[in-house]
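Enquirer: Below is one structure. I have some questions about it.
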Amino acid sequence: MRILGIDPGLRRTGYACVKINARGGEPTLVEAGVLRIATTGPLHARLLQIRTELLEVLADLKPDHAAVETLFSHVKHAQTAIIMGHARGVLLATLAEKNLSITEFAPKEVKRSVTGNGNATKEQVRRAVMAQCGLRTLKGPNDASDAMAIALTAARRLSLESKSR
């Protein structure tokens, strides 16, 4: 089974695909990257770019399941939360259009899953997923490592659920 983890963003959307096998074991990384969205132009064009690029990722990686981080908002950044909600909406609708089952995780749940600490820093998450995926280096923005953490969290939960059946 292939699981696609997505860290939503309007400028950068991280994605990572991991696979788990029927016999169990730890998930293995297939691919991770970042969709780089235009920072200028009308919102609707940027949202269309997210959808178009996600469709390409889905066609290439052929996931069986998707996991998306829920929206984190702070009263001081309400406008950011609203804009991020648009990006998440496009991502969720595109995944649903492709008939993928979708799991959503709160940021603290993902951090706790991969580091043991729900208040872990971005760097702690990055180091944890590098270790868990056997990577010596991981270049690029934290969006990819965050997506890896989301995918690993989903893979482990799905493995546990299938074992309890």
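Enquirer: Kindly list the number of the only condition in (1) farther than 21 Å from residue 33 by Cβ; (2) modelled with pLDDT under 95; (3) surrounded by 19 or more Cβ atoms within 10 Å (Cβ to Cβ) that fails for residue 120.
Expert: It fails just one condition, (2).
Enquirer: Right, here's the next one. Need pairs with beta-carbon distance below 9 Å; first residue farther than 14 Å from residue 92 by Cα and within region 42-53, second among the charged types (D, E, K, R); sequence gap 6+ or separate chains.
Expert: Correct list of pairs: 46/11.
Enquirer: Quick one: would you say residue 148 is closer than 23 Å to residue 63 by Cβ and in contact with a Cys (Cβ under 8 Å, 6 or more places away or on another chain)?
Expert: Judged against the criteria, residue 148 is a match.
Enquirer: Which residues, counting only those in region 1-30, are over 12 Å from the mean Cα position of the chain (by Cα) and among the acidic types (Asp, Glu)?
Expert: Correct list: 26 only.
Enquirer: Give me the strands (runs of 3 or more DSSP E) completely within region 1-67, filtered to those with at least 1 residues that are of a type in the set (Asp, Glu) and open to solvent by 40 Å² or more (accessible area, probe 1.4 Å), ordered by residue number.
Expert: Of the strands (runs of 3 or more DSSP E) lying wholly inside region 1-67, those with at least 1 residues that are of a type in the set (Asp, Glu) and open to solvent by 40 Å² or more (accessible area, probe 1.4 Å) span 24-36.
Enquirer: Related question: Please go through (1) of a type in the set (Val, Ile, Thr); (2) closer than 21 Å to residue 128 by Cβ; (3) at pLDDT below 95; (4) out of contact with any helix residue (DSSP H, G or I) (no Cβ under 6 Å at 6 or more places or on another chain) for residue 30 and return the number of the only condition it doesn't satisfy.
Expert: Unmet condition: (3).
Enquirer: How do the helices (runs of 4 or more DSSP H) wholly within region 94-165 filter down when requiring 3 or more residues that are closer than 14 Å to residue 4 by Cα: which remain?
Expert: Counting at least 3 such residues, we get 142-163.
The values are calculated or read from the model by the stated rules, or taken from the named source; none is laboratory data. Quantities reported herein were computed from a predicted structural model and do not represent experimental measurements. Heads up, the Cβs are rebuilt from the backbone with ideal geometry, glycines too, and the neighbour counts pull from every protein chain shown. Surface accessibility is based on the protein's heavy atoms, side chains included, excluding ligands, DNA and RNA. Shrake-Rupley method; radii C 1.70, N 1.55, O 1.52, S 1.80 Å.
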